[in-house]
1. Return the only residue of Glu407, Glu432 being in contact with a Lys or Arg (Cβ under 7 Å, 6 or more places away or on another chain), more than 23 Å from Lys526 (Cα to Cα) and either assigned by TED's automatic domain parsing to the domain that holds Leu532 or surrounded by fewer than 14 Cβ atoms within 10 Å (Cβ to Cβ) (or both).
2. Just one of Asp562, Asp533, Asp548, Asp479 is surrounded by fewer than 24 Cβ atoms within 10 Å (Cβ to Cβ), among the acidic types (Asp, Glu) and assigned by TED's automatic domain parsing to the domain that holds Phe361; which is it?
3. Looking only at residues in region 330-377 that are hydrophobic (A, V, I, L, M, F, W, C) and in a strand (DSSP E or B), which one is farthest from the chain's Cα centre (by Cα)?
4. With respect to Asp391, is the statement that it is among the acidic types (Asp, Glu), modelled with pLDDT under 95 and within 30 Å of Met564 (Cβ to Cβ) true?
5. Specify the residue that is nearest to Arg508 (Cα to Cα); the eligible residues are those in region 304-329 that are at pLDDT 85 or above and in a helix (DSSP H, G or I).
6. Just to check your reading of the model, which residue among Ser734, Ser720, Ser791 is outside any helix (DSSP H, G or I), modelled with pLDDT of 85 or more and among the small types (Gly, Ala, Ser)?
7. Given the conditions (1) touching a helix residue (DSSP H, G or I) at 6+ places or on another chain (Cβ under 8 Å); (2) under 25 Å from Val861 (Cβ atoms); (3) aliphatic (A, V, I, L, M), and given that Leu748 satisfies all but one, which numbered condition is not satisfied?
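The values are calculated or read from the model by the stated rules, or taken from the named source; none is laboratory data. All figures in this text were calculated on a predicted structure; none of them were measured in a lab. Counting neighbours? That spans all protein chains shown, and the Cβs are built from the backbone with ideal geometry, glycine included.
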Amino acid sequence: MGDTGPKGVPGTNDAGEVHKPQKPQRRQSVLSKAISEHREGDDGSVPLLPPSKGLTSAEAEELLLKYGRNELPEKKTPSWLIFLRNLWGPMPIVLWIVIIIQFALQHFADGAVLLGIQLANALIGWYETIKAGDAVAALKNSLKPIATAYRDGTWQQIDAALLVPGDLVKLGSGSAVPADCTINEGVIDVDEAALTGESLPVTMGTEHMPKMGSNVVRGEVEATVQYTGQSTFFGKTATLLQSVEADIGSIRIILMRVMVILSSFSFVLCLACFIYLMVNFKQKFRDALQFAVVVLVVSIPIALEIVVTTTLAVGSKKLSKHKIIVTRLTAIETMSGVNMLCSDKTGTLTLNKMEIQEQCFTFEKGHDLRSLLVLSALAAKWREPPRDALDTMVLGAADLDECDNYEQLEFVPFDPTTKRTAATLVDKRSGEKFSVTKGAPHVILQMVYNQDEINDSVVDIIDKLASRGIRCLSVAKTDSAGRWHLCGILTFLDPPRPDTKETIRRSRQYGVDVKMITGDHVLIAKEMCRMLDLDPNILTVEKLPKVDVNNMPSDLGEKYGDMMLSVGGFAQVFPEHKFLIVEALRQRGYTCAMTGDGVNDAPALKRADVGIAVHGATDAARAAADMVLTDPGLSVVVDAMFVSRQVFQRMLSFLTYRISATLQLVCFFFIACFSLTPHDYGIEDPKFQVFYLPVMMFMLITLLNDGCLMTIGYDRVVPSKLPQRWNIPVVFTSAIIMSVVACASSLLLLWMALDAYDEKRYPNSWFGKLNIPSLKEGKIVTLLYLKISISDFLTLFSSRTGGRFFFSMAPGTILLVGAVISLVISTIAASVWKKSSSDGVPTEGLAVGGDTAAKLLPLWVWIYCILWWIVQDVVKVLAHMLMEAFDIFGCVSRSGRGADVECGSVCKDGEGGAPKEPTL
């Protein structure tokens, strides 16, 4: 059968037969005039359009230009700008300066290598950022809404974003309302849970306006689009979202702080070295600048932000396997510190689906829950699709095979005025004829013959149930005399999801408090809290202040924080209240996550430190959220906590290592410059007045280290049992301790090598006593290159276990393989390095020439590094034990509402039932 147009318009005759469409200009004259006047007046009112008869494609295109697309605008950063941003920042700027200096000194090869590293880092950062957004784009495309509109005389399925005011759309059961519309004729039931939090559908007619974000659950009507895009309820709610500035995430702040500290420290040391060389050694400006630039290159943690971005991207990919889409990468790090979870009730904690409860009340002998459900089903079309939410609930619980023993003679569907359904039936087995009805308790009570006798008991039951937020459905049946008998009262509720209670318990176990926020009645909220083991003490909006969301007071936490913390949830709230609650808790120092699914949750999702749109969330909620759940239930939020804490541990390991590696290198060359000059040990080469490595060796160290560090996102870690926050003093203390040991071992090795250079001093030197051959200048440089390379990688394995010994937890396979490959390359390079004088620094492979003892130098360096690595790790563990014992830097006392990065950094086995899955 072909498409038919709306009643009374060209395209159909009175019999509904299809014929050739007429030109629409004349029939649309009234609508066109109304559309031209469809704008906000001085008093803020907007005249509604008359019922539409449909638009032509030309009219729709014209109106689309006028009103814009039926969607909320999204801010998208161009791909090229993402790439350029990776070339600008504290570290890239320092590297640009070094590159310019290298070219100015006519060291074109070194400058080209540095330029290549700069561009490679920017490219990797761009790629990871783009890749992280691909999943989000795919999600949005898969969820693109479709509307059925009457265009050019036929019903068409079009992109809902192309709807315009004046469009004629079809709203049918199971479809989403694509825009704010008015119903032309008829009645439908609309589920507005996403807008209001109300579980039961609302019956709407011509005097109502179904809004975008709601869903039709019963009936089918034609409707006229009144408002689209930002003019809809979505758009008005979006004004709250626009009042929230984007949070760059604490990890960005931490990185910025670390980079500034390292850069400032390195700059001071480089400047001191530069002045010292110019004054003490009378070096040329060019040569002194070359040394300072080399040391500065050492100090630049080039891939710091790139590695963190990669680690977050790997975490995002892991979360996607848990059915979690991350829309803001830094939210993963923020999630690791969440210690307050604010959750919407309807559709998040609950199923958003009414269900019959076990508790029921009977008033006639022989009845129980099963028989009451059968009678309720008999008052419906039990073998047809449910007509409303109550029928869905009853038919889903009743024994429909038992109902087949009856024949329905007459059926009266639900009527909002009578508030009940009724049916006349005959028992196929006995031939008994009777009527049955189900509906509102107070309505059914007035129908029964013995109302006076049972009135008090029925009212008492209803009142007690109402005080607990439980709804009732009365069931009555006629006797042979036609008198109505109250058979019983069924109770029903929008129940919690099966995993919600356990999710809340687990959240608390891992240091996260849970607050329920709902627009439902306070009694319903209290009963839900009882069912979920939340505090049934509920706060209502009467006790909350009225504030402007665009100008939130800074003392909300101080004034209302204690009151909010003393309750289990909040009831009868509006979007601005949810926004306010989250803001007040944040002001009290809590890191808040907010879950929700509807338009009414979007502002709070945006305000929260981590906004989480649950399965089936509206477009507005998804747009405001940092994470989108694609599986129903709240349990995946706990998964997100664990994964984020694992990601946090990886970033902590990397940051600790990067600080330590930078400090040991820059301090080594600074001290060597002042204390271990080659001339003092008999080396007369005028170009080798101070010890340093050529730029190419530094670049090899950097490339191998950064390449290996890209795999840290796959390292094996155990998440902490408590929320985590950055404790920078602890991080720096740990890094400094490890860097001091590594730097001391490098200085000692350099001193031993220089001390053995002179043939007269060799017999009494450490090298002489250990039967290690004396080394020339080039091999001394290569020796230190290999030592620094090995120490760097071993420091990584020490830093990844926090306050525990390096052998307490095996590294991830990918990280281990990456480190082994890098170490093998470094060892081979040091062994066979071609004899040269790059940048005026002599270099020569350790295994090139000489006897067998000389060829074993790489092995000797390995043994030396491993012994010092053990010393380094022991000192690190002792330092952490000391910090914990005396609560230095608050690594114990500051773990109240949310644990700072504890000295141990990784929770002990078995603590708090930490997850057993060791890898990610």
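1. Glu407
2. Asp479
3. Phe361
4. Numbers: among the acidic types (Asp, Glu): yes; modelled with pLDDT under 95: yes; within 30 Å of Met564 (Cβ to Cβ): no.
Here the answer is no, as Asp391 does not meet what is asked.
5. Ranking the candidates gives Leu319 first.
6. Within the list Ser734, Ser720, Ser791, the selection yields Ser720.
7. Result: Leu748 passes all but (1).
Per-residue answers, yes or no, for (1) under 16 Å from the mean Cα position of the chain (by Cα); (2) closer than 26 Å to Gly803 by Cβ; (3) at pLDDT 90 or above:
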| site | (1), (2), (3) |
| --- | --- |
| Arg588 | no, no, yes |
| Asp597 | yes, no, no |
| Ile612 | yes, no, yes |
| Thr618 | no, no, no |
| Ala623 | yes, no, no |
| Asp631 | yes, no, no |
| Leu634 | yes, no, no |
| Gln646 | yes, yes, yes |
| Gln664 | no, yes, yes |
